[in-house]
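The values are calculated or read from the model by the stated rules, or taken from the named source; none is laboratory data. Being a predicted model, the structure only gives us computed values, none of them experimental. Glycine also receives a Cβ, built like all others from the backbone with ideal geometry; neighbour counts cover every protein chain displayed.
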Protein chains: 2
Amino acid sequence: MRPQHCFVTGGAGFIGSNLVDRLLAAGVRVTAYDNFSTGFREFLEGALRHPDFRLVEGDLLDAEALRGAMAGADFVYHLAANADVRFGTHHPRRDLEQNTLATFEVLEAMRANGIRGLAFASTGSVYGEPEVFPTPEDCPFPVQTSLYAASKLACEGLIQAYVTGFGFQGYIFRFVSVLGERYTHGHVFDFYFRLKRNPQALHILGDGHQRKSYMDIQDCITAMLLAVDRAEGPLSIFNLGVDDTIEVNQSVAWITEYLGVTPRLTCEGGRRGWIGDSPFIHLDTRKIRALGWSPERSIRDGVVRTLAWLEANPWVERRRA
Amino acid sequence: MRPQHCFVTGGAGFIGSNLVDRLLAAGVRVTAYDNFSTGFREFLEGALRHPDFRLVEGDLLDAEALRGAMAGADFVYHLAANADVRFGTHHPRRDLEQNTLATFEVLEAMRANGIRGLAFASTGSVYGEPEVFPTPEDCPFPVQTSLYAASKLACEGLIQAYVTGFGFQGYIFRFVSVLGERYTHGHVFDFYFRLKRNPQALHILGDGHQRKSYMDIQDCITAMLLAVDRAEGPLSIFNLGVDDTIEVNQSVAWITEYLGVTPRLTCEGGRRGWIGDSPFIHLDTRKIRALGWSPERSIRDGVVRTLAWLEANPWVERRRA
């Protein structure tokens, strides 16, 4: 479908604000909704100067405000989430509230406004610890290993039930980790700022051999826009990622090379960085590729572009703390 | 594991009250917790005379009451749920609150009490409209087709995350429909009472050819007790059902034969009884059979025993209304 006026939850966040810019550039009206718990007004500096852009500060759990803000939109990109994957067990209610309940409120606000098209940012973590690599969308029924992924799976189920029960059209994207401009959490962020403070030493969680796949933010957004434009049928589920993987050790090497430092490296040990961390994520992306998409940037490009952005925007670390 | 003191949520319900009786007969202490939204005190008449039984009236969303009531137990059977599968779209918040949120509160109350063993009544409906029959536990990643099943899947995910994150031991049972004494909802109930009122005519949703599998309540409870006793490892997921299936038409024939009536039958038409209804449910139960379980009662036995119980307990229809 071709949306005319998109409502973007988490519109001031990493992925959300980049999507907002791309939608505006494509001539689409945009309303961004964000509670600024992790988003930044600075990410919307360009958008705020655009006549087709509107920013609403609000919380997804405020059903009335959400319903009102959504009025007039014809499609929803639901990107707002608690993305603090690692510390789920420190506050188990957070993923439930900010992901599962928030998604329910988005769906209900859509229903109240007669909006039926929804794109949702899920995660490759819903595959738990898969036995099939690269992991396709229809791999064996997975077991959840983190509160974050469990909450994202709950969101997927809700969306699917609204597709069947209320005639919604849903697009679910299962991401690998995303890198690029406005990236504000994850290991490249942590390693960069820790090495800026202390170039002598770096301690790595896990054994450094955890394999991960990353994709660049612009490739990620291109894939979402293309899927919404081209995928037919009431429900479309797509893995988004690149075909290669790297070890955490490899990204550490790129980061130290970029910074020109040679820290003493120590490892925590163990296959996982933390409880619920997947030691290996590698998604089968043949389904989205069959629509005509392919990533234009390598993992290394993504890491280096992220580092360049962090270097140009050191304020993001202070403001995030 | 061998629990000494079981906490049974939904203990006054169909499956819960039957489980309570079996646990007490096996010498296990039992605390039943129920808000009597769909349970009946009459179902616990026998249990209430037993010295090892305690009934606590309370709601799962009342976190403090739940935590207090659970104190002293060493294992939880979480059976309470909104089981109104069919009308989920009439009140989408109900499945979210009574299933997803209630299960979260059960898990948090367990954590507060240092209880780690949990058995959970999920549903074969989490398989959506499967492409593999009979459907095994590790069938391809399913798509949800009802708010009820979506909420049960969300519960499964939460339990799995607590297994990984908090060292819980979880037993998840995916049921077919269950029949037998104290059965208070579903098509056998509806057809029985409608034919008692009007033996001349019966209208059937769908085309009557929807295939379903049913299991008897006592076989169901035997399977759960056996799995908790014998299955090892932190997480066990079992389908529970029988190997044969019947068409809705077949159970109608048994019911009319039992009642000695010959109504004019009419069909709504369509493959599904309602939106989100699965036209065919047939679970692969090899996994639970490998532990030494097999059902002792046929589907026909289950239907006839249900009818005999409804005949002896006509109050259940009036009280449910």
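Just a yes or no: is a residue in segment B:290-311 crowded, with 16+ Cβ neighbours inside 10 Å, within 14 Å of chain A (Cβ to nearest Cβ) and modelled with pLDDT of 95 or more?
no
Kindly evaluate A:Tyr162 against the criterion of being within 14 Å of the chain's Cα centre (by Cα) and not assigned by TED's automatic domain parsing to the domain that holds A:Gly260.
no
Give the number of residues within segment B:61-82 that are touching a residue at least 60 places away in the same chain (Cβ under 8 Å) and surrounded by 20 or more Cβ atoms within 10 Å (Cβ to Cβ).
So the count comes out to 11.
Are any residues in segment B:142-171 more than 8 Å from chain A (Cβ to nearest Cβ), of a type in the set (Val, Ile, Thr) and over 18 Å from B:Ala81 (Cβ atoms), and if so, which ones?
Across segment B:142-171, the qualifying residue is only B:Val163.
Yes or no, residue by residue, for (1) within 15 Å of the chain's Cα centre (by Cα); (2) under 14 Å from B:Ile15 (Cβ atoms); (3) not hydrophobic (A, V, I, L, M, F, W, C):
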| residue | (1), (2), (3) |
| --- | --- |
| B:His209 | no, no, yes |
| B:Leu225 | yes, yes, no |
| B:Val228 | no, no, no |
| B:Glu232 | no, no, yes |
| B:Leu235 | no, no, no |
| B:Glu247 | no, no, yes |
| B:Ser251 | no, no, yes |
| B:Thr256 | no, no, yes |
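When you scan segment B:26-64, how many residues do you find that are over 21 Å from B:Phe120 (Cα atoms), of a type in the set (A, V, I, L, M, F, W, C) and within 21 Å of the chain's Cα centre (by Cα)?
Total meeting the criteria: 1.
I'd like the full set of residues that are under 24 Å from B:Asp243 (Cα atoms) and either aromatic (Phe, Trp, Tyr) or modelled with pLDDT of 90 or more (or both), limited to segment B:192-220.
B:Tyr214, B:Met215, B:Asp216, B:Ile217, B:Gln218, B:Asp219, B:Cys220, listed by residue number.
For segment B:105-131, give me the residue count where each residue is more than 10 Å from chain A (Cβ to nearest Cβ) and without any contact (Cβ under 8 Å) to a residue 12 or more places away in the chain.
Summing the residues that are more than 10 Å from chain A (Cβ to nearest Cβ) and without any contact (Cβ under 8 Å) to a residue 12 or more places away in the chain in segment B:105-131 gives 1.
Report whether or not A:Ile246 is hydrophobic (A, V, I, L, M, F, W, C) and either within 14 Å of another protein chain (Cβ to nearest Cβ) or under 18 Å from A:Phe133 (Cα atoms) (or both).
The answer is yes for A:Ile246.
Which residue out of A:Thr89, A:Thr100 is buried (at least 16 other Cβ atoms within 10 Å of the Cβ), more than 21 Å from A:Phe14 (Cα to Cα) and among the β-branched types (Val, Ile, Thr)?
On inspection, the qualifying residue turns out to be A:Thr89.
Would you check if B:Phe120 is crowded, with 24+ Cβ neighbours inside 10 Å, over 20 Å from A:Val126 (Cα atoms) and at pLDDT 95 or above?
The answer is yes for B:Phe120.
Could you figure out which of (1) within 17 Å of A:Phe104 (Cα to Cα); (2) hydrophobic (A, V, I, L, M, F, W, C); (3) surrounded by fewer than 24 Cβ atoms within 10 Å (Cβ to Cβ) isn't true of B:Leu147?
(3)
Among what's in segment B:166-181 and is among the hydrophobic types (A, V, I, L, M, F, W, C) and within 13 Å of B:Ala227 (Cα to Cα), pick the residue that is nearest to the chain's Cα centre (by Cα).
Out of the qualifying residues, it is B:Phe173.
Which of (1) charged (D, E, K, R); (2) more than 24 Å from B:Gly11 (Cα to Cα); (3) more than 9 Å from every other protein chain (Cβ to nearest Cβ) is the odd one out, the single condition B:Arg174 does not satisfy?
Among (1) charged (D, E, K, R); (2) more than 24 Å from B:Gly11 (Cα to Cα); (3) more than 9 Å from every other protein chain (Cβ to nearest Cβ), B:Arg174 violates only (2).
Can you pull out the residues in segment B:241-264 that are in contact (Cβ under 8 Å) with a residue 24 or more places away in the chain, aliphatic (A, V, I, L, M) and outside any strand (DSSP E or B)?
B:Val242, B:Val248, B:Val252, B:Ile255, B:Leu259, B:Val261 - these are the residues of segment B:241-264 that are in contact (Cβ under 8 Å) with a residue 24 or more places away in the chain, aliphatic (A, V, I, L, M) and outside any strand (DSSP E or B).
In segment A:159-216, which residues are touching a Leu at 6+ places or on another chain (Cβ under 7 Å) and free of Cβ contacts under 8 Å to residues at least 24 places away in the same chain?
Once the filter is applied, which keeps residues that are touching a Leu at 6+ places or on another chain (Cβ under 7 Å) and free of Cβ contacts under 8 Å to residues at least 24 places away in the same chain, segment A:159-216 yields A:Ala161, A:Gly165, A:Arg194.
Pairs only if they're at least six apart or on different chains, beta carbon under 7 angstrom, first in segment A:42-60 and without any contact (Cβ under 8 Å) to a residue 60 or more places away in the chain, second among the aromatic types (Phe, Trp, Tyr) and outside any strand (DSSP E or B); list them, first residue then second.
Every condition considered, the pairs that remain are A:Glu57/A:Phe36.
Across segment B:132-155, what is the total count of residues that are closer than 24 Å to B:Gln98 by Cβ and either without any contact (Cβ under 8 Å) to a residue 40 or more places away in the chain or outside the structural domain of B:Phe173 (by TED's automatic domain parsing) (or both)?
4
Which pairs have Cβ atoms under 7 Å, sit 6 or more apart or on different chains, and link a residue in segment A:221-240 that is within 14 Å of chain B (Cβ to nearest Cβ) to one that is of a type in the set (Ser, Thr, Tyr)?
Once the first residue is within 14 Å of chain B (Cβ to nearest Cβ) and sits in segment A:221-240, its partners that are of a type in the set (Ser, Thr, Tyr) give A:Ser236/A:Tyr171; A:Asn239/A:Thr285.
Does segment B:65-77 include one or more residues that are within 13 Å of chain A (Cβ to nearest Cβ) and within 17 Å of the chain's Cα centre (by Cα)?
No, that holds for no residue.
Please determine whether any residue of segment B:268-286 is free of Cβ contacts under 8 Å to residues at least 24 places away in the same chain, surrounded by fewer than 18 Cβ atoms within 10 Å (Cβ to Cβ) and not assigned by TED's automatic domain parsing to the domain that holds B:Val28.
Within segment B:268-286, none of the residues are free of Cβ contacts under 8 Å to residues at least 24 places away in the same chain, surrounded by fewer than 18 Cβ atoms within 10 Å (Cβ to Cβ) and not assigned by TED's automatic domain parsing to the domain that holds B:Val28.
Just need a number here: residues in segment A:43-57 that are among the charged types (D, E, K, R) and either surrounded by fewer than 14 Cβ atoms within 10 Å (Cβ to Cβ) or on the phi > 0 side of the Ramachandran plot (or both).
The number of residues fulfilling the criteria is 3.
Which of the numbered conditions does A:Pro134 fail, given that it passes all the others? Conditions: (1) surrounded by fewer than 21 Cβ atoms within 10 Å (Cβ to Cβ); (2) under 17 Å from A:Ile237 (Cβ atoms); (3) within 9 Å of chain B (Cβ to nearest Cβ).
The single condition A:Pro134 does not satisfy is (3).
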